[in-house]
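**Student:** Mind having a look at this structure? Questions to follow.
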Amino acid sequence: MSAIAEIDAPTIAINPFSESFSDDPYPFHEQLRDAGPVVWLSKYGIYGMARYAEVQAALNDWQTFMSGAGAGIQDLRKGNAWRPRSIVLEVDPPLHDETRAVLARVLSGPAIKKLRPAFEAEAERLVEDLVSRGTFDAVDDLAMVYPLKVMGDAVGVPLQDRECLLPFSNMLFNSFGPENDIFRQSITESGAVVKQLFAQCERAALSPDGFGAQIYQAADEGRISADKAPSLVRSVLSAGFDTTVAGLGNAIYAFAVNPDQWQLVREDPAVGRTAFDEIIRWESPVQTFFRTTPRAVAFEGVHLEADRKVLLFLAAANRDPRHWDNPDRLDLRRKTIGHVAFGSGIHVCIGMMVARLEAELLFAAFAKRVKAFELVGAPRRRRNNTLRTFASLPVRVVC
Ligand code: OVV
């Protein structure tokens, strides 16, 4: 028995899924961090953690903060969810390790290296076109276009079948949060989308040489059972598009409002290769994920009840002044190792090398041609229960 008495988590009335929180999460993040290592979010009856040390520790303790009850606010062990669970994100070992191993092989370093020539050619082509236009929307014309093209090709989704990907992800990332206005709206807007997305996970719908086909091959080889292949393809389609759309849009915004930092990218290719990690530390595409307590837990001297959802504020951890110097400042020379924008631990983003490659090659293509990005209209955010992303980002490039 511990000699130290456990305290209850302090209660906070903040609604992390409200419009005002989404408009500007950072002051709320500070309140959450300052309230304690663990807080009780009374609006939803869930715990929250927003400090770096605790978020990092929770991500690395899957026995205490499990994923098998879902990565959203809903406990997938109870009731009927609108979606089947992810068999990699929303499971614990040992099943997790088997499915993860298949994706790890498909998305391995050598596999990603092979994508480079095609990704580079497409980055050059797209950026050349955007630069010749001079003014464009960095969301509609860039952040949505590039991942759909290069990752769509890599997975093996036919060109004409890609429109469902972003509406599906928008809804899925909303569905990790509560059934609020934006969640309901994204469901109404995408009635047909779920069907299309699920159809796209079938073997016959995928090209014979992409990541999708390779997942089916793993089933042929007996490394996973055949029924798991469509579900793993769904994971790749769910996680591999809207996240990078958000990250790339946030990147152009970051460069537009920090022109000195864009100069660093232009001057030093090495900065360009690591810039994306600082950008997603600073403005994290995936703001939050949930875990669940499988039993009553003592954590950092705080008592947590069993079977409670725990909201991990990845984005708040990434700006915790207890861990980072001057965290609100975008500093592309900073050592970003340890940021949790890709998560951490056994569920750490398995596609991160693809995301980094997309960013690196786009930044390099722009660096050759563009002195500065200027906002030419008010950026508009796309509110989402999980993602921090833009709906529109009108920019002009100065050459
Ligand atoms: C990281 C992530 C986001 C959304 C969906 C999934 C994973 C999945 O595995 O389905």
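No lab work stands behind these numbers, since they all come straight from the coordinates. Just so you know, these numbers come straight off a predicted model, no measurement behind them. When we count neighbours, we look across all protein chains shown, and the Cβ atoms used for this are built from the backbone with ideal geometry, even at glycine.
**Student:** If you take the beta carbon distance between Arg116 and Ala378 as r and set R0 to 30 Å, what does 1/(1 + (r/R0)^6) give as a FRET efficiency, to the nearest 0.05?
**Tutor:** On the way: r = 36 Å, r/R0 = 1.20.
Approximately 0.25, to the nearest 0.05.
**Student:** Sum -39500 (n - 2.57) across every DSSP H segment of at least 4 residues in the chain, then divide by the residue count to get the 222 nm mean residue ellipticity, nearest 500.
**Tutor:** On the way: 17 runs with 182 residues, N = 399.
Result for the chain, helices only: -13500 deg cm²/dmol.
**Student:** Here is a follow-up. Can you bin every Cα-Cα distance in the stretch 205-261 into 10 Å intervals starting at zero and give me the percent of pairs per bin, rounded to whole numbers?
**Tutor:** Computed distribution, short to long bins: 21, 33, 19, 16, 10, 1.
**Student:** When the chain is modelled as a GNM with alpha-carbon springs shorter than 10 Å, which of Ala296, Ala154, Ala69 fluctuates the most?
**Tutor:** Largest GNM mean-square fluctuation: Ala296.
**Student:** Structure shown: which of Lys78/Lys195; Lys195/Lys228; Lys43/Lys309; Lys43/Lys78; Lys149/Lys228 lie over 22 Å apart, alpha-carbon to alpha-carbon?
**Tutor:** Working: Lys78/Lys195 24 Å; Lys195/Lys228 18 Å; Lys43/Lys309 13 Å; Lys43/Lys78 20 Å; Lys149/Lys228 26 Å.
Check vs 22 Å cut-off fails for Lys78/Lys195; Lys149/Lys228.
**Student:** Mind listing the phi-derived Karplus ³J(HN,Hα) values for the stretch 77-93, rounded to whole Hz, using 6.51, -1.76 and 1.60 with θ = phi - 60°, and x for any glycine or proline?
**Tutor:** With coefficients 6.51, -1.76 and 1.60, one gets 7, 10, x, 10, 7, 6, 10, x, 5, 5, 8, 10, 6, 10, 9, 10, x Hz.
**Student:** Further question on the same structure: Under the Karplus relation 6.51 cos²θ - 1.76 cosθ + 1.60, θ = phi - 60°, what is the ordered set of whole-Hz ³J(HN,Hα) values for the stretch 232-242, x standing for Gly and Pro?
**Tutor:** Once θ is set to phi - 60°, the couplings for the stretch 232-242 become 6, 4, 4, 4, 5, 5, 6, 9, x, 10, 5 Hz.
**Student:** With θ taken as phi - 60° and the coefficients 6.51, -1.76 and 1.60, list the Karplus ³J(HN,Hα) couplings across the stretch 210-222 in order, rounded to whole Hz; mark glycine and proline as x.
**Tutor:** Values per residue, Gly and Pro as x: x, 4, x, 4, 5, 5, 5, 4, 4, 5, 4, 7, x Hz.
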